[in-house]
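The structure under discussion appears below in the form of structure tokens.
The values are calculated or read from the model by the stated rules, or taken from the named source; none is laboratory data. Since the structure is predicted, the reported quantities are computational estimates derived from the model, not experimental observations. Cβ atoms come from the backbone with ideal geometry, glycine included; neighbour counts cover every protein chain shown.
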Amino acid sequence: MILRGLWERRALSLIVLLIAIVPIASAAVGPLYSAAARTTIVRDAIASAPVEGRGWRYTTTRGDLPARLAAFTAGTDLTAPPIFGMETNSGRPGDKLSYPIMWQGGQCEHLKRVAGRCPTATKELMASRTSGFKVGDEILLSSIVTTQPGGITFVPAPLQVVGLYEPISAADPFWFGRTLFDTGGEPGGERTDPLFTVPQTRYDTYAINAGNAKGEGWTDYGIVYLDPRRLTGSDVGTLTRMQATAEAVGRDSDAIVFSYLADTLKAITTQTGSLGVPTLLVIAQLVGLGWLLLFQTVGDLVRARAPEIALARLRGHGRIRVWLFALAEPLLVLAAAVPLGLALGRGAAGLMVGALLPAGIPVDIPPEALWAGAAATLGGVLAAALAAYRTATRPIIEEWRRTPRRSARGWVLDAVVLAVTAIGLVELLATGVITDVSGQSSSALAVPGLMALGVALLAGRALPVLSGRLFPVTRRHGGIGPFLALRQVARGPVTAGSVIVLGTAFGLATFAVSAWTATQGDYRAVAAFHNGAATALTIQPVEPRALAAALDEIDPAATLAAPVIKLPGPPQLVATDPVRLAMVGHWQPELAGGTSLAKAAAGLSGPRTPRVWVRGDRFRLSLSHGPPPKSYTARLLVTLRIPGGPQPVAIPLGQLRGDEGGDYAWNLPPACARAACELRAVHGELIGPQNLETTPFLPVKVTGLAVRDAGVWNTLDTPTWRVDDDPDENDGRFTISTIGNQTLRPATYGAEIPAIVVGPVGRRLLPGLDQAFAVPAKQVAAAAAAPGLDAHGVLVDLEEADRIAYGVHPKATYEVWTTATDTTALERALREQGITVVSARHMDDLVASYAGEGPGLALMLLLVSALAAAVLALGRTVLALHTAARRRGYELAALEASGARVAALRSSLLLEQVLTMAVGTLAGLAAGLLAARVALSRVPQFAQPPVTPPLPHEVAPEPVALVIGAALLASLLAAAVVSELLLRGIKVERLRDQP
Amino acid sequence: MSAVRCDGIVQIYTAQDVEVVALRDVDLVIEPGETVALLGPSGAGKSTLLWLLAGLLRPSAGRLWLDGVEVGRLDQRRLDRLRAAHIGMVLQNPARNVIGYLTAAQNVAFAQRAVRTDRRRVRDLLARVGLDGADGRPAGRMSGGEQQRLAVAVALANAPRLLLADEPTSQLDTASGGRVIDLIKGAAERDGTTAVVVTHDLAVGEALSRTVTIRDGRVGAEGRRGEDFVVVGREGAVQVPPEYHHLLPPGSMARIEPIEDGVTLRRADP
């Protein structure tokens, strides 16, 4: 009987089914898309984390490592197969260096063999190219011993060098971030690059630093990497538990578990947290809108059965039976809509994920999607229950009354909604936060939706009243068409509901479109400044002068590319070539008081006094000076900047001799023989008794500089000097003293560095390229945003910064900015100049990455779903108006029979529908724009809100106009079609029927 | 025990903030097995009285007994049960009595659901109303006469003691109408069902054993065995039948003259 009934009312049932499916799908899309977005966030976070943040390094000296790792990873399939390794250390007789001996599974694939072969047999080694060993050398290590044949004394085991290697990359994830290899190509400190062997070496020797058994004294380790391809957003809990287990293992056992995964998890949590609240906001509003639609539509299905329900009651069916009878059809339709809606949601989410998220992201159905679908359905169930209750409890005879009693629409629900809207609005305006990522302003979550609903409720109230006021006018003017239309609008039960549904849906859609366009604009604005230029190429570290020289070679006109070195600060520092920056950098003069980038950049460069470059193996300084103070000796030192190192190196030139001066020389660091070092300072020390009554001092003057290269002394030009704290001294004089000791420096830079300043930097010392925080900024321009800065900071001349710094700090990032979007040629040219390009980041990439963050994903979800809901609301309204007009078919037939012209009836139907739909749509437009004006600046757009640039929040009017225009056009067309369909059904013969 | 007993029934309803007295001090007793035609002009209160008898309305004042059970004392559940088991009702429009997409048999069975589904009775009823060959056809595709006969079968589905019918012949031709009335009379004769039929059709009234004429919410007249009587109301009021209004127009004055077995009314010219 239920199925027969559904078939009898197949058109309405189908419409209810469709209208139920879409909110369920919309509601389910949120969690589906959110789950995929979470997966994206997790995978991206793992992929972009430092290698130590992508897994764990489990180290133990107790053996049994495979079993321990198996226990650690039991129950999950999120990790790649472990990489096992073992290592020990040993010195060498007569050598203070410590030699790591190690094996790591698959090591040979991650080492560049430069001579010989990889070790394959016990006691074979492969040594670093820089170790000085040669293929065939036999190495004896103090701690790797063996017993003499037939004896009990241990002697160093002979280990054979069978190959030499170079690391392919010190940053190879295979090594889990360990600094096994000296990056400068020289052995550093007292530790050398490792000697690689095979596991059997361990078991054929004794490590006498621990135990007497073979195999002991080695440390076993296993590297467990997470496999991003297996991770989904729902695995964060598992990862957190694994990390907690790893920490517990490290705390409670002899094992050491090393990992930065906690930092990665923190980043993931921040990102997913920023996704969660806005997504909840979106889903809640969509579920609410779905409820509204279902409330309006499912009720129609129950009401369509009212005669049957009345018959059931007339025949004495009990209350429960009547309820079940009334609910059966809508519940069956809703039950069918749930899987269909979820399937549709799954499909839509798949499309969205495919279009918006990286490839390979699975679209799983999380429990939240089922809950959201069920929650959306619940609106229909409640609507059905309410309509069934009303139908089942109202007097039976009402069903057969010719003029049914009118039931006034209550104000209670409207008042509650308007009050909640007002409260949310006040909180929004008072606190300035609509939904911060912590989700603390939860009551303000639904302000856009509530505001749309509030305005729609008021419009739904106002339209009948206004129509009623205009009603008398149409009695006298305009003919019967407007008269009938306004009368119907004024008293029509469909009017208010349609205006509410349309107003709410289009309010949300307008807000969503406004928010989306404004957010896209903000993303572009932020990306343009943060990227610095259209494209930023990240390159391997290179000497600043070499970088500048390479670009001069590649781009002599200085119009294509600019060198950039960035330091994180705070304050942030971006050092670049001002001339090139003016050509390629992104800039908005209005954010810098109208100053153009060219003008601002022109002030960054200081006087280019020559620098003192020293290349050779020995350095000599000629001095004139008097005798040192009595009882004191004076020692002279020069400070050099060594290429490739961030720290200055001071070399002693020895004690001052005699009382007239002379030449003082000392060997230069080996690095200065390969590349020019820069003389940065000369100073001395007085060594003697501490005499507090007098201040001993010794005036000194530098009279000449020379450097020896290939056995030949070359005299260097004497630079312009300056002395700290004594600006008048510039001829090379300075004073060595126990108090107020002076330092003589080549005057290659000023006391302040000219800078374009963003934010309250003031007189704070800037980090400089070496993070030495040596000099403050001299502001040449103040701007609210500058290229490359994503926080408060400065933009300076790279040459000036290089003159001040002793090197470039490892935290620095090296980039080349360019206006070109196709960087193939530039990358090739850079490679030819010996510069390795690591990656290219286009401005659009940044925009896409912002859109892929939690808030961006949520806004996209809101946009898609709100537009779908708006289309649905429009369709539902057309249907409701059509149904209402059909019910008046008898009345219209009577009017036609009494002489009313068809044209008048057509204009009546058309005007009624257009009026209702236009008012609903325009109310939505007003509500959406109002909500956008109030809430847009408070809607989260970024997982981490940018400090700079200021966000314009500009709503693009075209998309909003397009949506509303399309809605109005569709309304007009629908009204015209519906009117014609209705008019065809109006025949005088209809009057033979009962009204 | 009377099948129906109305004692001073008053029914008032509110329409657009105006109270309308639909029935006033209606006293009516109908014995079991009687077939009663409720006659009267439109708006007189016939349908209202019928709805009261069906338990679809509760009287504003007065008391109503059905088979000795005072309806006003029944809660909704017992009233539903009473209606299911003992009352059958035929609504005014034939299409309103049936569910259009169900077959004749399903419609009858639907009416039985509240009590006990009796398929044999369904077949018997359909045969009795002449629809035994149409039980596979949806009711919505039946003619008006067929639908009305089906409506009677539906109303008789649970062998009610009281059959109520509202204008059962109004949309039927004479032959079909006559057949429906025969069905109602047949039910009374066969099962002892008491029937109350609201009608404008005097022929229907003549076909039934008794007529009750409702005018202005009161029982104005009764007819038995072909003879019409005015009914003296609770306050001694007597409604002059419309056919005598030319002799004693409403608003005119009259003299009452006692005679041996009553009074006579004569128009007086003051």
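General observations
- Tabulated pairs, region B:102-114, first facing chain A (nearest Cβ under 9 Å) and at negative phi, second among the basic types (Lys, Arg) and crowded, with 22+ Cβ neighbours inside 10 Å, C-beta under 6 angstrom, 6+ apart or interchain: B:111/A:315; B:114/A:315
- Only one entry of B:255, B:224, B:218, B:210 meets the criterion of being in contact with a Lys or Arg (Cβ under 8 Å, 6 or more places away or on another chain) and farther than 23 Å from residue B:37 by Cα, and that entry is B:255.
- Residues located in region B:96-119, provided they are in a helix (DSSP H, G or I) and under 19 Å from residue B:163 (Cβ atoms): B:96, B:97, B:104, B:107, B:108, B:109, B:110, B:111, B:112
- Residue in region A:731-751 that is buried (at least 18 other Cβ atoms within 10 Å of the Cβ) and within 20 Å of residue A:564 (Cα to Cα) present: yes
- So residue B:26, is it β-branched (Val, Ile, Thr) and more than 18 Å from residue A:395 (Cβ to Cβ): yes
- Tally, over region A:351-366, of residues that are in contact (Cβ under 8 Å) with a residue 60 or more places away in the chain and part of a helix (DSSP H, G or I): 3
- Among the residues of region A:764-789, those that are closer than 12 Å to residue A:572 by Cα and either polar (S, T, N, Q) or surrounded by fewer than 21 Cβ atoms within 10 Å (Cβ to Cβ) (or both) comprise A:764, A:765, A:771, A:773.
- Residues that are in contact with an Asp or Glu (Cβ under 9 Å, 6 or more places away or on another chain), free of Cβ contacts under 8 Å to residues at least 60 places away in the same chain and not hydroxyl-bearing (Ser, Thr, Tyr) within region B:75-101 comprise B:82, B:96, B:99, B:100, listed in sequence order.
- Considering (1) modelled with pLDDT of 85 or more; (2) over 30 Å from residue A:552 (Cα atoms); (3) surrounded by 15 or more Cβ atoms within 10 Å (Cβ to Cβ), the lone condition that residue A:656 does not fulfil carries the number (1).
Conditions tested, residue by residue: (1) of a type outside the set (A, V, I, L, M, F, W, C); (2) more than 11 Å from chain A (Cβ to nearest Cβ); (3) in a helix (DSSP H, G or I).
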position: B:121; (1), (2), (3): yes, yes, yes
position: B:124; (1), (2), (3): yes, yes, yes
position: B:127; (1), (2), (3): no, yes, yes
position: B:136; (1), (2), (3): yes, yes, no
position: B:146; (1), (2), (3): yes, yes, yes
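- Strands (runs of 3 or more DSSP E) lying entirely in region A:541-637 (those with 1 or more residues that are among the polar types (S, T, N, Q) and in contact with a Pro (Cβ under 7 Å, 6 or more places away or on another chain)): A:572-576
- Within region A:373-398, the set of residues being among the β-branched types (Val, Ile, Thr), surrounded by fewer than 20 Cβ atoms within 10 Å (Cβ to Cβ) and either away from chain B (no Cβ under 14 Å) or within 18 Å of residue A:26 (Cβ to Cβ) (or both) comprises just one member, A:381.
- Residues in region A:4-35 that are in a helix (DSSP H, G or I), within 14 Å of chain B (Cβ to nearest Cβ) and in contact (Cβ under 8 Å) with a residue 60 or more places away in the chain: 4 in all.
- Within region A:309-327, tally of residues that are farther than 16 Å from residue A:378 by Cβ and more than 13 Å from chain B (Cβ to nearest Cβ): 1
- A count restricted to region A:729-768 and to residues that are over 30 Å from residue A:532 (Cβ atoms), part of a loop (DSSP other than H, G, I, E, B) and of a type in the set (A, V, I, L, M) stands at 2.
- Taken across region A:36-46, residues that are within 30 Å of residue A:197 (Cβ to Cβ) and either in a loop (DSSP other than H, G, I, E, B) or charged (D, E, K, R) (or both) do not occur at all.
- Taken over region B:224-238, the residue count meeting the criterion of being under 26 Å from residue B:164 (Cβ atoms), at pLDDT 85 or above and either surrounded by 16 or more Cβ atoms within 10 Å (Cβ to Cβ) or out of contact with any strand residue (DSSP E or B) (no Cβ under 8 Å at 6 or more places or on another chain) (or both) is 2.
- Region B:175-187 residues that are surrounded by fewer than 21 Cβ atoms within 10 Å (Cβ to Cβ), paired with ones that are small (Gly, Ala, Ser) (beta carbon under 7 Å, 6 or more apart): B:176/B:145; B:185/B:207
- Within region A:306-324, none of the residues are part of a loop (DSSP other than H, G, I, E, B) and over 26 Å from residue A:4 (Cα atoms).
- Within region A:37-96, the set of residues being in contact with a Phe, Trp or Tyr (Cβ under 6 Å, 6 or more places away or on another chain), of a type outside the set (S, T, N, Q) and farther than 21 Å from residue A:230 by Cβ comprises A:85, A:86.
- Residues that are surrounded by 19 or more Cβ atoms within 10 Å (Cβ to Cβ), modelled with pLDDT of 85 or more and not in a loop (DSSP other than H, G, I, E, B) within region A:117-143 comprise A:124, A:125, A:126, A:127, A:128, A:139, A:141, listed in sequence order.
- Any hit, region A:866-876, residues being closer than 30 Å to residue A:946 by Cα and not polar (S, T, N, Q): yes
- Among the residues listed as A:526, A:499, the single one being buried (at least 22 other Cβ atoms within 10 Å of the Cβ), touching a Gly at 6+ places or on another chain (Cβ under 6 Å) and either among the aliphatic types (A, V, I, L, M) or at pLDDT below 90 (or both): A:499
- Filtering region A:797-823 to residues that are surrounded by fewer than 24 Cβ atoms within 10 Å (Cβ to Cβ), modelled with pLDDT of 85 or more and under 18 Å from residue A:835 (Cα atoms) leaves A:813, A:814.
- Whichever residue in region A:47-88 is free of Cβ contacts under 8 Å to residues at least 12 places away in the same chain and in a loop (DSSP other than H, G, I, E, B) and, among such residues, is farthest from residue A:267 (Cα to Cα): A:64
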